[in-house]
1. Hey, what do the phi angles of region 85-95 turn into as Karplus ³J(HN,Hα) couplings, whole Hz, using 6.51/-1.76/1.60 and θ = phi - 60°, x for Gly and Pro?
2. Taking a 32 Å limit on the Cα-Cα distance, which of the listed pairs K82/K228; K145/K199; K82/K163; K163/K228 fall beyond it?
3. Please list I42, I134 in order of solvent-accessible area, largest first, computed with a 1.4 Å probe with all protein chains present.
4. Lys/Arg Cβ at +1, Asp/Glu Cβ at -1, dipole of region 174-235 taken about the Cα centre: which of F213, M178, S233 is farthest positive-ward?
5. Calculate one ³J(HN,Hα) per residue across region 140-152 by plugging θ = phi - 60° into the Karplus curve 6.51 cos²θ - 1.76 cosθ + 1.60, and present them in order as whole Hz with x for glycine and proline.
6. Hey, any idea what the orientation-averaged projected area of the convex hull of region 68-137's Cα atoms comes to, in nm²?
7. Residues with amide H under 5 Å of Y189's amide H, sequence separation 5 or more or different chain, H placed in the peptide plane at 1.01 Å from N; which?
8. Keeping every protein chain present and rolling a 1.4 Å probe, give me the accessible area per residue for region 122-179 in Å².
Amino acid sequence: MKKSFYIIMVILFAVISPLAVSSQCVNRSGVCGPGGMQLLEIDVHAMVGGSYVTENYMDCYPEISDLNSNMGLALGVGLGVKFNLTRTLGLGTGLNYVRNRTTLDMAVTGEGASSISNVFQRNTYYTFDVPVYISFAPYISNGVKWNFDMGMYYSYGVRGTQKSTIYDAKTNELGQLMTSRTVLEKDYYKDGAFINSFKRADMGLHLSTGITFFGHLKLGVRSHIGFKNVAKSSGLRHPNSHNISFMAMAGWVF
């Protein structure tokens, strides 16, 4: 993760360095719109928050007697670009690299209740996402601008792992309780994962809001709500899963 983070930061710096100069207004040797309006805004940002994958496993698999699905830590870095149409209205896009994590635990009862399995699962997956949105950003005081962004996003998973630890307990013919522990580690996006794997591509609703101080320091939050069923299953039962994330952002506008 650290190696990937450093590589992404180097790429972002290399991309924005020449662009940042040309995005400034005329009094800073760049290109301006009417009345000195900055036509192009470029920012880099870091993100931290949580990611979650919805599921309906208990509806699909009656063998599951109990289930808990939890949000995990999400970290990311990104580049944003906004084209200003007026002083308050613009069109934005960007590129983000995010590490997501979710956890899940369940109890699975065997036939005749003679066996029970407790499953603890941790999913870690890495994605690139590209949002496209309309941004409304009025000034709320001197040097302070508030923005509200709404649009769509497309994301693509580049790699991921699904680690499942399974504790089995069953009664043998002599009435003795036998226990065992099994650890399975599978690719998050390829067939063979526990219950189901996941589709790499997703798209959904992008929402974001934040405050920019003195034209540079930007603090905000964003949420992505996936519209696509990303569960991939080749069996007779077909689970339904959707990606959801909520992240805080801190960035610098050039």
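The values are calculated or read from the model by the stated rules, or taken from the named source; none is laboratory data. Not measured: the values here are computed from a predicted model. Cβ sites come from the backbone with ideal geometry, for glycine too, and all protein chains shown count toward neighbours. Protein only, heavy atoms only, side chains kept; ligands, DNA and RNA dropped before computing areas. Shrake-Rupley method; radii C 1.70, N 1.55, O 1.52, S 1.80 Å.
1. Running phi through 6.51 cos²θ - 1.76 cosθ + 1.60 with θ = phi - 60° gives 8, 9, 5, 10, 10, x, 10, x, 8, x, 9 Hz.
2. On the way: K82/K228 26 Å; K145/K199 38 Å; K82/K163 39 Å; K163/K228 24 Å.
Beyond 32 Å: K145/K199; K82/K163.
3. On the way: I42 5, I134 95 Å².
Of I42, I134, the descending order of accessible area is I134, I42.
4. Of F213, M178, S233, it is F213.
5. 9, 6, 4, x, 10, 10, 9, 10, 10, 10, 9, x, 10
6. Numbers: hull surface 27.2 nm².
Mean orientational projected area (region 68-137, Cα hull): 6.8 nm².
7. G160, F198
8. Values: 3370 Å² over 58 residues.
About 58 Å² of surface per residue is accessible.
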